[in-house]
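Enquirer: Sending over a structure as C-alpha cells; questions will come in a sec.
Bear in mind these aren't lab numbers, they're just calculated from the coordinates by the rules spelled out. Worth saying up front: this structure is predicted, and the values here are computed from it rather than measured. Cβ atoms come from the backbone with ideal geometry, glycine included; neighbour counts cover every protein chain shown.
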Amino acid sequence: MKKYMIETKLLNFRDPRFDRLFQERGWEDLPEEEKIRGIYNFVRDEIRFGYNRKDDMPSSEILDDGYGQCNTKGILLMSLLRKAGIPCRFHGFTIDKALQKGAITGIWYRLSPPSIVHSWVEVFYKERWFNLEGFILDRPYLEQIQKNNPGVRKFCGFGIATTNLIAPEVDWELCDTYIQKEGINKDFGLFDSPDQFFQHHRQKLGPLKGWLYRSLVRKLMNRNVRNIRNP
C-alpha cells in the first residue's frame with residue numbers, strides 16, 4: 001500500500017494549506033470511515049463543479065481555485081486522502097463529449113474533441129477498493145439539474161451521464177459512487193498517481209485550441225455552470 005500513500009508533484013499534501021484545512025475540519029481525530037466520508041463530502045460540495053485552466057494542477061492550486069471537474073477534483077481528493085493516511089489510486093478513462101453538452105454550447109461544443117480525458121479515484125478501505133466518481137458535481141448544481149428535469153432517470157449532459165438522475169449514486173456509504181460512468185468510452189486502466197497518468201494521457205487540443213480553452217471557452221463554461229446552479 002505504500003505506493004498509494006506517497007506525496008507527488010500533483011499530490012502535494014504537505015503544503016501548509018492542507019495542515020490548516022485538517023485542523024479546521026478536525027479530520028485527524030475521526031475514525032477512518034468518517035475521515036473518508038468527511039473528505040469526500042468536502043470535495044464534492046465545497047469545491048464547486050467548474051473548469052480549471054488545465055487537468056494536471058497541483059492539489060494546492062485546486063484548493064485555492066475552490067472549483068474543479070473530474071480530474072482536478074480527483075487530484076484534490078487523492079491528496080486529502082493520502083494526507084489522512086488512506087491509500088488511494090487513479091483510474092483513467094475518456095468520456096464522450098455528449099456528456100458536456102449544456103455546460104458547453106454552440107460552436108465551442110461543435111469544436112470540442114469527441115472524447116474527453118476523464119478519471120475517478122479508488123480508495124482502499126476494509127480490504128477492498130471503492131470507486132469514487134460521485135464527487136464531481138456539487139449538490140446545489142446537481143439538485144438544480146434534477147429540478148429542471150423532473151422524473152427523468154436516464155440522462156446525459158451538463159456534466160452528467162447516469163441511468164438514474166432521480167437518485168444518482170453520489171453519497172459514499174461504503175459503496176461505489178458514480179455520476180459520469182455511463183459516458184465512458186475508453187478505459188486506460190489504473191495508475192499509482194495522477195502524475196503517472198498525465199505522463200501518458202492528455203487532452204489533445206493543439207496550441208490554438210488549448211489557448212482558446214484556457215483564455216475563453218472554460219470561462220464561458222463556468223458562466224453556464226454558475227447560471228444553472230443559481231438561475
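Enquirer: I want to make sure I understand the PRE zone here: with the label point 7 angstrom from the Cα of LYS204 toward its beta carbon, which residues in segment 53-96 have backbone N atoms less than 17 Å away?
Expert: Hits in segment 53-96 for LYS204 at 17 Å: 93-96.
Enquirer: Something else about it: For ASN227 paired with LYS3, estimate the spin-label separation in nm (one decimal), with each label point 7 Å from Cα along the Cα-to-Cβ line.
Expert: 4.7 nm
Enquirer: Along the charge dipole of segment 65-171, pointing to its positive end and built from +1/-1 on Cβ of Lys, Arg, Asp and Glu, which listed residue (LEU137, GLY92, SER112) has its Cα farthest out?
Expert: So the residue we want is SER112.
Enquirer: Moving on to the next point. Return one number: the angle in degrees, 0 to 90 and rounded to the nearest 10, between the long axis of the Cα atoms of helix 139-148 and the longest principal axis of the Cα atoms of the chain.
Expert: The helix 139-148 is inclined about 30 degrees to the chain.
Enquirer: Here is a follow-up. Suppose every K and R has +1 on its Cβ and every D and E has -1 on its Cβ; what is the size of the dipole of the chain about the Cα centre, in Debye to the nearest 20?
Expert: Values: 37 positive and 30 negative charges, 237 e Å.
Using Cβ point charges on Lys, Arg, Asp and Glu, the chain gives about 1140 debye.
Enquirer: Going by alpha carbons, how many degrees (0 to 90, nearest 10) lie between the helix axis of 218-229 and the longest principal axis of the chain?
Expert: For helix 218-229, the angle is close to 80 degrees.
Enquirer: If you don't mind, there's one more thing I want to ask. How large is the charge dipole for segment 119-231, taken about the Cα centre, if only the Cβ atoms of Lys, Arg (+1) and Asp, Glu (-1) carry charge, to the nearest 20 debye? Before the final figure, lay out each step's value.
Expert: Working: 17 positive and 13 negative charges, 180 e Å.
That gives a dipole near 860 debye.
Enquirer: Let me know the shape class of segment 116-225, please: from the alpha-carbon gyration tensor, a ≥ b ≥ c as square roots of the eigenvalues, rounded when a/c is under 1.5, otherwise prolate if a/b is greater than b/c, or oblate. If you can, show how the numbers build up before the last one.
Expert: Values: a/c = 2.19, a/b = 1.09, b/c = 2.01.
Verdict is oblate for segment 116-225.
Enquirer: Would you kindly state how much longer the chain becomes between ARG128 and LYS147 on full extension, computed as 0.36 nm times their sequence separation minus their alpha carbon distance, in nm to one decimal? Walk me through the numbers before you get to the answer.
Expert: Values: separation 19, 0.36 × 19 = 6.84 nm, distance 3.51 nm.
Gain in length upon complete extension: 3.3 nm.
Enquirer: I would also like to ask the following. Just how far, in whole angstrom, is segment 1-35 from segment 191-210 if you go by their alpha carbon centroids?
Expert: Cα centroid of segment 191-210 versus Cα centroid of segment 1-35: 25 Å apart.
Enquirer: Label the chain by shape, choosing from rounded, prolate and oblate, from the square roots a ≥ b ≥ c of the eigenvalues of the Cα gyration tensor; if a/c is under 1.5 it is rounded, and otherwise prolate applies when a/b is larger than b/c, oblate when it is not. Intermediate values should be presented prior to the final figure.
Expert: Working: a/c = 1.56, a/b = 1.31, b/c = 1.19.
Prolate.
Enquirer: In deg cm²/dmol, rounded to 500, what helix-only [θ] at 222 nm does the chain give when every DSSP H run of at least 4 residues adds -39500 (n - 2.57) and the total is split over its residues? Write down the numbers at each step before the final one.
Expert: Values: 9 runs with 83 residues, N = 231.
Only helices count here, giving -10000 deg cm²/dmol.
Enquirer: Same structure again: Explain nothing, just the number: relative contact order of the chain, from Cα pairs under 8 Å at least 6 residues apart, as a whole percent. It would help to have the intermediate numbers written out before the result.
Expert: On the way: 409 pairs, mean separation 55.3, N = 231.
Once normalised by length, the contact order is 24 percent.
Enquirer: Here's something else I'd like to know. Could you pull out the trypsin sites (Lys or Arg not before Pro) across segment 180-222 that fall in loop regions by DSSP (anything but H, G, I, E, B) with no more than 11 other Cβ atoms inside 10 Å?
Expert: Values: sites: LYS181, LYS186, ARG202, LYS204, LYS209, ARG214, ARG218, LYS219; in loops: ARG202, LYS204.
Qualifying residues, ordered by number: LYS204.
Enquirer: Less than 12 Å Cβ to Cβ from ARG110, Lys/Arg counted +1 and Asp/Glu -1: what total charge do the surrounding residues give? Provide the component values of the computation, followed by the final result.
Expert: Numbers: positive: LYS97, LYS101; negative: none.
Net charge around ARG110: +2.
Enquirer: How far is helix 70-83 tilted off the main Cα axis of the chain, in degrees rounded to 10, range 0 to 90?
Expert: Around 10 degrees separate the two axes.
Enquirer: Can you give the FRET efficiency to the nearest 0.05 for ILE107 and LYS54, using r as the Cβ-Cβ distance and R₀ = 22 Å?
Expert: Values: r = 22 Å, r/R0 = 0.99.
Between ILE107 and LYS54 the formula returns 0.50.
Enquirer: Which shape class applies to segment 92-150: rounded if a/c is under 1.5, otherwise prolate when a/b exceeds b/c and oblate if not, where a ≥ b ≥ c are the square roots of the Cα gyration tensor eigenvalues?
Expert: Numbers: a/c = 3.90, a/b = 1.45, b/c = 2.69.
It is oblate, given that a/c is not under 1.5 and a/b is not larger than b/c.
Enquirer: Do the alpha carbons of any pairs in LYS54/LYS219; LYS101/LYS219; LYS9/LYS97; LYS3/LYS83; LYS147/LYS181; LYS73/LYS181 sit beyond 18 Å of each other, and which pairs?
Expert: On the way: LYS54/LYS219 12 Å; LYS101/LYS219 15 Å; LYS9/LYS97 29 Å; LYS3/LYS83 13 Å; LYS147/LYS181 21 Å; LYS73/LYS181 16 Å.
Pairs exceeding 18 Å: LYS9/LYS97; LYS147/LYS181.
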